[in-house]
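The values are calculated or read from the model by the stated rules, or taken from the named source; none is laboratory data. Note that this is a predicted model, so its numbers are computed, not measured. FYI the Cβ positions are ideal-geometry reconstructions off the backbone, even for glycines, and counts take in every protein chain you see.
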Amino acid sequence: MKKVSIFTMMLAAMATLSMSFTNPSNNGQPERRSVSVSESTIVWNGYKVTGSHTGNIQLKSGELEYDGKGMLTGGSFEIDMTTITCNDLQGEYNQKLVGHLKSDDFFGVANHPTATFEITQVVHRGTPGDYKIVGDLTIKGIKKEIKFMANVKEDGNNNVATAEVVVDRSEYNVRYGSGSFFDNLGDKTIYDEFDLQVTLVTAK
């Protein structure tokens, strides 16, 4: 009887020890943290033969997922395409460019007011906070897989995820001024690739 009791006590102690290293709050499930829309930013940069333009787009919603060790595991966010702005032009020229970007020549925001991105794979690159992200970007109802590098750092009570995402607009039926589809554009050619500088802020 004494041996059985000692064995039983050992099993109970091991079970208790195991439970002490288990996070009961998520039971192994990823922790979902809402992205702060007011603190997060998206800056776009578009390029043409004669120069470039830049502006902002507002985030509509989003969340990032972390495991029990604080490692990024997934997430998604939604962009409000109706909030496109231009930062390098003033007055009438600013209004014309923004209106053109919102038109069907480009992003057709009347029929496609949001764009979305959903992470499908996260690969840790070996150094703290550095990741390779694979996911599906949907613009104008067209979904394509994209890949880019991202970094996540702690900043006070927040986690700040940053990434530079290069997008080929022609894959989303945004072909205005594209030398890939129209000949003899000369210095009116607008390059297919534009980039997004994304900063997402979540509470730790």
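General remarks:
- Filter result for Lys132 (modelled with pLDDT of 95 or more, under 18 Å from Ile42 (Cβ atoms) and basic (Lys, Arg)): no
- Once the range 99-115 is narrowed to residues that are among the aliphatic types (A, V, I, L, M) and crowded, with 17+ Cβ neighbours inside 10 Å, the residue that is farthest from Arg169 (Cα to Cα) is Val109.
- At least 3 residues being within 26 Å of Val49 (Cβ to Cβ) is the threshold, and among the strands (runs of 3 or more DSSP E) wholly inside the range 127-192 those reaching it are 142-155, 158-168.
- Whether a residue is buried (at least 16 other Cβ atoms within 10 Å of the Cβ), among the hydrophobic types (A, V, I, L, M, F, W, C), out of contact with any Phe, Trp or Tyr (no Cβ under 7 Å at 6 or more places or on another chain) and touching a residue at least 12 places away in the same chain (Cβ under 8 Å) was assessed, and Val167 does not pass this test.
- For the range 73-86, the count of residues that are modelled with pLDDT under 95 and at positive phi is zero.
- Answer residue from the range 137-161, given it is within 12 Å of the chain's Cα centre (by Cα) and more than 14 Å from Ser40 (Cα to Cα) and is surrounded by the fewest Cβ atoms within 10 Å (Cβ to Cβ) among those: Lys147
- Qualifying residue in the range 137-155 (condition: of a type in the set (Lys, Arg) and farther than 19 Å from Ile119 by Cβ): yes
- Matching residues, the range 40-69, being surrounded by 14 or more Cβ atoms within 10 Å (Cβ to Cβ) and in a loop (DSSP other than H, G, I, E, B): Ser40, Asp67, Gly68
- Among the criteria (1) within 23 Å of Val198 (Cβ to Cβ); (2) assigned to a loop (DSSP other than H, G, I, E, B); (3) modelled with pLDDT of 95 or more, the one Ala115 does not fulfil is (2).
- Close Cβ contacts (under 8 Å, 6 or more residues apart or on different chains) running from residues in the range 83-98 that are of a type outside the set (Ser, Thr, Tyr) to residues that are in a helix (DSSP H, G or I) and at pLDDT 95 or above comprise Ile84/Val98; Ile84/Leu101; Ile84/Lys102; Cys86/Asn94; Cys86/Leu97; Cys86/Val98; Cys86/Leu101; Leu89/Leu97.
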